[in-house]
Amino acid sequence: MALLSSFNEDRPVSYFRGYPIYCATLLTIAYGLGILFTAILEHSIDLVGLLGFLPSRSIFQGQIWQILTWTFVNMPSFFTLFSLFFLYIAAVEVEKYIGRARFLTLYAILILTPAVAYTVWMFLFHDFYPIFGDYLVAVGFFIAFCTLYPGLQWLGFLSLRWLGLISYAIGALMAISQRDWPDLMNLTLVCLAAFAYIRFLQAGLELPSIPNPLRAFRRPHLRVVPKPTSRSAPAPEFKQTDNNEIDRLLDKIAKYGLASLSAKEREALERARARLLEKDRN
């Protein structure tokens, strides 16, 4: 697989009492708060009307924030809490593998794909109602997780590739039984988008970056550079103490995972990696 995350990309956003906090962690907390506020305010405020996505209102009447907020309106139920648990498990593992920037790109794909598809559906069939809830996001991250680890065994006998197909089949059958064709369309497109994006990354490809128009107006950063010498200094030798330190860090990663390294340990590992690459080039 061509997809590799650098040490900077898969670092947590922060730590809380030694526990790593990822973007997926913050996202899960936000959805949990969405469930709480929906339960408290559902009888006093029309949250679906305020935050749910409806093309005729969200796009053509200027309520564009609903393109981003529709997944945070979640009616409390056992199924909602169950999907929140699966969202956290899958999203954290996906972020660890593909890195923070690609994770946020995938999240944007998962919330924009249904919005665009539903807008097209409204124009074609004039059949529309507000959509809301984190179900499609949770399914999308779970399909991405299954795509990254298709051979991983669940409960010791069922591989994730089959579990992902079964999850989609259950959701599709529920939509068909209710004749909810827009929901079937959104579910199918979200699963395909999550699968395609992971395969896209595994092929070594990247989406084009969006140019920043403000970059030209930024003041250049000044930094002091050392005076050049007549000949370049030789690359530092890799000492035995460095080998011992790297072995210790690799053992720690094997036992407790990459998130267990402190910031200084990650910097030491990155420096050692740079020295090895420099040595190989020379």
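Of L27, L68, L51, which residue is touching a residue at least 40 places away in the same chain (Cβ under 8 Å) and surrounded by fewer than 16 Cβ atoms within 10 Å (Cβ to Cβ)?
Going through L27, L68, L51 in turn, the sole match is L68.
May I ask you to list the residues in segment 119-178 that are part of a helix (DSSP H, G or I) and among the hydroxyl-bearing types (S, T, Y)?
T119, Y135, T147, S167, Y168, S177
Taking segment 94-125, which residues are surrounded by fewer than 17 Cβ atoms within 10 Å (Cβ to Cβ) and closer than 20 Å to C23 by Cα?
A101, L104, T105, A108, L112, listed by residue number.
Looking at this structure, is Y197 surrounded by 11 or more Cβ atoms within 10 Å (Cβ to Cβ), of a type in the set (F, W, Y), under 26 Å from F128 (Cβ atoms) and at pLDDT 85 or above?
no
When you look at G34, is it surrounded by fewer than 21 Cβ atoms within 10 Å (Cβ to Cβ), touching a helix residue (DSSP H, G or I) at 6+ places or on another chain (Cβ under 9 Å) and small (G, A, S), yes or no?
No.
The values are calculated or read from the model by the stated rules, or taken from the named source; none is laboratory data. Worth saying up front: this structure is predicted, and the values here are computed from it rather than measured. Using ideal geometry, Cβ is built from the backbone for each residue, glycine included, and neighbour counts are taken over all protein chains shown.
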